[in-house]
Amino acid sequence: MQTIKHLIANQLTEGIVALGAPAAPTAAELVAMLEYPPDDTMGDLALPCFKLSRTLRRAPVQIAAALAESLAGLSCVERAEAVNGYLNIKISESYLVNTVLADILTAGERYGASDEGKGKTVVLDYSSPNVAKPFHIGHLGTTVIGHSLKMLHEFAGYKCVGINYLGDWGTQFGKLIVAYKKWGNREMIEQGGIDKLVELYVMINNAISGNEEKGIPADPALGDAARAEFHKLELGDEENLALWRWFIDISLAEYEKTYRQLGITFDSYKGESFYTDKMPAQVQKLRDMGLLKIDDGASIVDLEPYGMPPCLILKRDGSTLYPTRDIAAAVYRKNTYDFDKAIYVTSAGQSLHFAQWFKVVELMGYDWHDKLVHVPYGTVSINGAKLATRTGNVVLLKDLFRAAIEEVTQIMTEKNPNIENKEEIAEAVGVGAIVFYYLSGSRIKDINFIMEDALNFDGNTGPYAQYTYARTCAVLRRAEDVPSDAPMTLTAPDEAALLKMLAKFPEKVMAAIADYEPSVITRYILDVAAAFNRFYHNCQILNAEDPAVRATRVALTRAANVVLGNAFPLICLKKMEQI
Ligand code: ARG
């Protein structure tokens, strides 16, 4: 299915060739140059011809005039006019209703999808919590941005592999084992689950480094004990290995609950521990290539020529580090999946880490180094309070979800007490509200979480979007006997406006992928919801007297339902027929 912009751009390339230009822009470049004017009295699309003036060696006004002529006869164009160096284009309403609307309804679940990524594989590394440390709202970003990017790429035809690179290895396990042996027992963990593990972890951290406020003196011997337990684990000590596996299982069971609420599944849970035996080969390669330098006993790759601090590969005691593991994991993934793109979603705090080891991979001569993409995001705070780490005081993701679900349950009890599946709906709306709010702004901006704003049913929120979708379903339930093969006609401006908005979906999907930016979809959903609600309030749908008008309006409602329904899963938002 060709978008309107593509149809126009293709035609424009012909007009440009006719101008006898030496270096004409391609259709793809023209697509990128076509703008939506802020005020649609000027037209639905505009091409500023100033930039073309150099390459085409003509005045913008002349170019605009020639191009306007070239569009005559194109069925999707009602009118094309040259105005002060702009080419203003009005889209034909009969094209909208006869072609765009029909295309949306025929494509259905596939509307907006493409085969752009056919034959290509994308590996996405996201969520990746550190086992036994709290899964807090700082992880919301990687989890939902990562999953959105996966859904977007799948929609565009890429084969996707979602990897949860669990932080399942490291000295924290030594600490946890000491804490468990000292203060814990099996029953306590079986009953308390991950919360108990985190509690033990916080206790041991406080005990090792001391906590003045709580009057706990520092006990460095516990730190030594933790290192010793981790070392035993590394050497394969049975008891410690069994504890380690158990801690992971307990944590995973808990994460799964959160993932289920979000509708997220992973294709691989290969965590950091999996790469233990894959690192030596890469370290050896670095050594053989003369890339390793010894610095105060540690092995590093000097990145000074690239304006970065050195990348740490081995500590003084020979143990490996976070970058070492990432390098080994990338090589393994390249060999296993032969990816065309490997995406890593983490907070912007890790940007340097990724820039460093991406550079090391390049220096190692891996020609796929340019297929590695880091997608960073900003920090999250709740009503202004930044999140503390290590010693507790963190807002857990599950608690945030629970609070939202409780509030929605209350709102629903007031608004719609007899609704079926109340619990399921409250969960989808509550969790959806948080995700939607989070994905509304560009990912790199820091956000402050305000629950009331996220849950406002009348604001630009998830509940409002879900409510609009449910509204389309309600109309369609009552429209079953309206024939769908009736002739169509547009009679009100809000109908055409809605259709023009729906026509933009495929390009929004592409834009979200190009910028790794799910918020493009979130904002688009709000635009569609606004356009639908305007249409809904201003136009009679089922009560329209003229059968063609009624059929058209039902078809428009169905098309809005298709677009919202296809867009929601792209941002981890669940759709419900009733709220
Ligand atoms: N486990 C890490 C953390 O919570 C994130 C891992 C990101 N992925 C990676 N390949 N480094 O900070």
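Summary table
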{"item": "Alpha-carbon Rg/Rh ratio, for region 65-208, with Rh computed the Kirkwood way", "result": "1.35"}
{"item": "Contour minus Cα-Cα distance for D296 and E190 (0.36 nm per residue)", "result": "33.7 nm"}
{"item": "Förster-model FRET efficiency, 60 Å R0, Q540 and R316, C-beta, rounded to 0.05", "result": "0.20"}
{"item": "The chain: equivalent-ellipsoid semi-axes (sqrt of 5 x gyration tensor eigenvalues, Cα, Å)", "result": "51, 33, 18"}
{"item": "Relative contact order of the chain, defined on C-alpha pairs under 8 angstrom at six or more residues apart (%)", "result": "15"}
{"item": "Computed FRET value (nearest 0.05) for A102 with S347, which takes r as the C-beta separation and R₀ as 35 Å", "result": "0.20"}
{"item": "DSSP-loop trypsin sites (Lys or Arg not before Pro) across region 298-338, with at most 13 other Cβ within 10 angstrom", "result": "K315, R316"}
{"item": "Label-point gap, in nm, between S442 and H231 - each point 7 angstrom along Cα→Cβ", "result": "5.0"}
{"item": "Kirkwood Rh and Cα Rg combined as Rg/Rh, region 395-512", "result": "1.05"}
{"item": "Value at 222 nm in deg cm²/dmol, rounded to 500, when DSSP H runs of n ≥ 4 in the chain each add -39,500 (n - 2.57)", "result": "-17000 deg cm²/dmol"}
{"item": "In region 181-241, GluC sites (Glu not before Pro) in a DSSP loop with at most 13 other beta-carbon atoms within 10 Å", "result": "E212, E213"}
{"item": "Amide H contacts under 5 Å for H136, placed H, 5+ residues apart", "result": "L397"}
{"item": "Region 323-434 - percent relative contact order, Cα under 8 Å, separation 6 or more", "result": "21"}
{"item": "Taking T106, T276, T557 and counting other C-beta atoms within 10 Å, the order from fewest to most", "result": "T106, T276, T557"}
{"item": "Potential lengthening between D219 and K181 on full extension [0.36 nm per residue; Cα-Cα distance subtracted]", "result": "12.0 nm"}
{"item": "FRET efficiency for N421 and E69, using Cβ-Cβ distance with R0 set to 45 Å, rounded to 0.05", "result": "0.15"}
{"item": "Net charge of neighbours whose Cβ lies under 15 Å from the Cβ of P309, counting Lys and Arg as +1 and Asp and Glu as -1", "result": "-2"}
{"item": "Under Karplus coefficients 6.51, -1.76 and 1.60, residue-wise ³J(HN,Hα) of region 112-125 in Hz, glycine/proline x", "result": "x, 7, 8, 10, 3, x, 3, x, 10, 10, 10, 9, 10, 9"}
{"item": "Derived scalar couplings ³J(HN,Hα) [region 54-65; Karplus, 6.51 cos²θ - 1.76 cosθ + 1.60; whole Hz; x for Gly, Pro]", "result": "5, 5, 8, 6, 9, 5, x, 4, 5, 4, 4, 5"}
{"item": "Lys, Arg +1 and Asp, Glu -1 on Cβ, resulting dipole of the chain about Cα centre, debye, nearest 20", "result": "700"}
{"item": "Those GluC sites (Glu not before Pro) in region 390-486 that DSSP places in a loop and that have at most 14 other beta carbons within 10 Å", "result": "E420, E480"}
{"item": "Order of C473, C76 under a 10 Å beta carbon neighbour criterion, fewest first", "result": "C473, C76"}
{"item": "Karplus (6.51, -1.76, 1.60) ³J(HN,Hα), θ = phi - 60°, over region 87-101, in Hz, Gly and Pro reported as x", "result": "9, 9, 10, 10, 7, 6, 5, 6, 5, 4, 7, 8, 10, 4, 4"}
{"item": "Cα→Cβ-extended label distance, 7 Å offset, between Y306 and E29, nm", "result": "3.1"}
{"item": "Length-normalised contact order for region 116-242 - Cα pairs under 8 Å, 6+ apart - percent", "result": "25"}
{"item": "Alpha-carbon spread of region 157-303, three principal axes, descending order, Å", "result": "50, 49, 34"}
{"item": "Descending Cα extents along the principal axes, region 222-332, whole Å", "result": "46, 36, 24"}
{"item": "T409 versus I382: modelled label distance in nm, points set 7 Å from Cα along the beta carbon direction", "result": "1.7"}
{"item": "Interchain or long-range residues, amide H under 5 Å from L372's placed H", "result": "A342"}
{"item": "Angle between the chain longest axis and helix 351-363 axis [Cα atoms, degrees, rounded to 10]", "result": "90"}
{"item": "Kirkwood Rh (inverse of mean 1/r, distinct Cα pairs), region 465-537, angstrom", "result": "13.8"}
{"item": "Computed Rg/Rh of region 537-579, alpha carbon atoms with Kirkwood Rh", "result": "1.11"}
{"item": "Interchain or long-range residues, amide H under 5 Å from V83's placed H", "result": "N88"}
{"item": "Of A330, I313, V373, farthest towards positive along the dipole that unit charges on Lys, Arg, Asp, Glu beta carbons give region 293-445", "result": "I313"}
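None of the figures in this text is laboratory data; all of them are computed from the coordinates on show. These figures come from a predicted structure and were not determined experimentally. A quick note on method: Cβ atoms are made from the backbone with ideal geometry, for glycine too, and the neighbour counts reach across all protein chains shown.
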